[in-house]
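Undergrad: Have a look at this one.
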Amino acid sequence: MTTTQHPKPCLKWAGGKGQLLEQLEPFFPQELAQGSIQRYIEPFVGGGAVFLHIANTYNVSEFYIFDINPELILAYQTIQKNVEDLIEILDNLQQHYFSLEEEKRKQYFYQIRSDFNQKRHQINFESYNLDWLERTAQLIFLNRTCYNGLFRVNAKGEFNVPFGRYKNPRICDRDNLRLLAQLLQKTHIQQGDFTECAKFVNHQSLVYFDPPYRPISQTANFKSYSPNQFNDFEQLRLRDFFTYLDQKKAKLILSNSDPKNQDPTDDFFETAYAHYRIEKIQAARSINSKSSKRGKINELLILNYSLMPANRDG
Ligand SMILES: C[S@@+](CC[C@H](N)C(=O)[O-])C[C@H]1O[C@@H](n2cnc3c(N)ncnc32)[C@H](O)[C@@H]1O
């Protein structure tokens, strides 16, 4: 029996939506299943779990992905342009890593991490060149071997996650990288602010926004994607952009945290998105770094379209 293979995310990213796909699915517009969505656009793509789910499930012909993080976008563009050479470099890193004892693996991790940080200022992020191959291989290697498998940088923009001690991490997944490269051939990939996607949005587009979430409590604000914070001013700038794209008649869906988990009187999103549909879904997410405080919490989905009755009941 032959099964069609689909790409999975190649990087683990803070706020990844891999665990929420089932809950999101009923809220996609009916036009997606009907085949009348021509473009899928994701302005905060991160690890790309939703992008890949849509590409693997529906018949959409063009994809547009954006993120402000230059390292992430460089990695996607490298996979798009030269996946075979990337696989070779990553495979060498993996083989060397697996040949080492634990203590030496740890030393090797810190060696790669410091090389990655030192070379940051020499990289030309603007146009593809051979340095991108090593940089992407190092990013994937660090993401797979660091503690908790995340990408996090300090105020100076240096990757600062410690060693992770996984027994046999899958560093080089050739098949998956090749599948991803195939999909990226029909994907526009761009580094920049979320507003950069505007010129690609038309009435046959679905735009999914997954911005850095508004913190629901002081202690929940431990996620750091990049040195610049996504504060309430940014959340409202995003709302204004949502309203602007709504006028283009695109289908829009936006995820965010539900402040009512912590403070039932906090009406930030009800006020900001008063003209739109606000739905709640349940996420098994850690809202607190203490495991005792982990459990199901609500998240918001903000939509500019109506749902079919079957979806609403489900
Ligand atoms: C919640 S994560 C996205 C998670 C992603 N959907 C996934 O499933 O892995 C938010 C992303 O927004 C990006 N970001 C932060 N500020 C941004 C901005 N102003 N414009 C575009 N992207 C931004 C971050 O780099 C991060 O990758």
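The values are calculated or read from the model by the stated rules, or taken from the named source; none is laboratory data. Keep in mind the model is a prediction, meaning the values are calculated, not measured. Here the Cβ is made from the backbone with ideal geometry for all residues, glycine too, and neighbour counts use every protein chain on show.
Undergrad: For the subset of the stretch 202-252 comprising residues that are modelled with pLDDT of 95 or more and small (G, A, S), which member is nearest to Y273 (Cα to Cα)?
TA: So, considering only residues that are modelled with pLDDT of 95 or more and small (G, A, S), the one nearest to Y273 (Cα to Cα) is A250.
Undergrad: Would the stretch 255-267 turn up any residue that is free of Cβ contacts under 8 Å to residues at least 24 places away in the same chain and in contact with a Lys or Arg (Cβ under 9 Å, 6 or more places away or on another chain)?
TA: Yes: the stretch 255-267 contains one or more residues that are free of Cβ contacts under 8 Å to residues at least 24 places away in the same chain and in contact with a Lys or Arg (Cβ under 9 Å, 6 or more places away or on another chain).
Undergrad: Can I ask one more? Among the residues of the stretch 7-17, are any away from the ligand (no atom under 15 Å from the Cβ) and either modelled with pLDDT of 95 or more or closer than 23 Å to Q204 by Cβ (or both)?
TA: no
Undergrad: One residue is enough: does the stretch 68-75 have a residue meeting the conditions in a loop (DSSP other than H, G, I, E, B), without any contact (Cβ under 8 Å) to a residue 40 or more places away in the chain, closer than 30 Å to H203 by Cα and of a type outside the set (S, T, Y)?
TA: No.
Undergrad: Tally time: how many residues in the stretch 1-24 are exposed (fewer than 13 other Cβ atoms within 10 Å of the Cβ), assigned to a helix (DSSP H, G or I) and in contact (Cβ under 8 Å) with a residue 12 or more places away in the chain?
TA: Here the count works out to 1.
Undergrad: Scan the stretch 246-257 for residues that are buried (at least 22 other Cβ atoms within 10 Å of the Cβ) and among the charged types (D, E, K, R) and report the count.
TA: Looking only at that region, the number is 1.
Undergrad: Only one of (1) under 18 Å from A181 (Cβ atoms); (2) under 14 Å from the mean Cα position of the chain (by Cα) is not met by N82, so which one is it?
TA: Tallying (1) under 18 Å from A181 (Cβ atoms); (2) under 14 Å from the mean Cα position of the chain (by Cα), N82 fails exactly one: (2).
Undergrad: How many residues are out of contact with any strand residue (DSSP E or B) (no Cβ under 9 Å at 6 or more places or on another chain) and within 16 Å of the ligand (Cβ to nearest atom) when one looks only at the stretch 25-66?
TA: Count: 7.
Undergrad: Collect the residues in the stretch 164-214 that are free of Cβ contacts under 8 Å to residues at least 40 places away in the same chain and surrounded by fewer than 16 Cβ atoms within 10 Å (Cβ to Cβ), keeping them in residue-number order.
TA: Within the stretch 164-214, Y166, K167, R170, K199 qualify.
Conditions tested, residue by residue: (1) assigned by TED's automatic domain parsing to the domain that holds V45; (2) away from the ligand (no atom under 16 Å from the Cβ); (3) touching a residue at least 24 places away in the same chain (Cβ under 8 Å); (4) farther than 30 Å from N202 by Cβ.
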| residue | (1), (2), (3), (4) |
| --- | --- |
| Q80 | no, yes, yes, no |
| D91 | no, yes, yes, yes |
| E102 | no, yes, yes, yes |
| Q118 | no, yes, no, yes |
| W132 | no, yes, yes, yes |
| L139 | no, no, yes, yes |
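Undergrad: In addition: Return a yes/no flag: does the stretch 167-178 have any residue that is within 16 Å of the ligand (Cβ to nearest atom), over 15 Å from the mean Cα position of the chain (by Cα) and assigned to a helix (DSSP H, G or I).
TA: Yes, because at least one residue in the stretch 167-178 is within 16 Å of the ligand (Cβ to nearest atom), over 15 Å from the mean Cα position of the chain (by Cα) and assigned to a helix (DSSP H, G or I).
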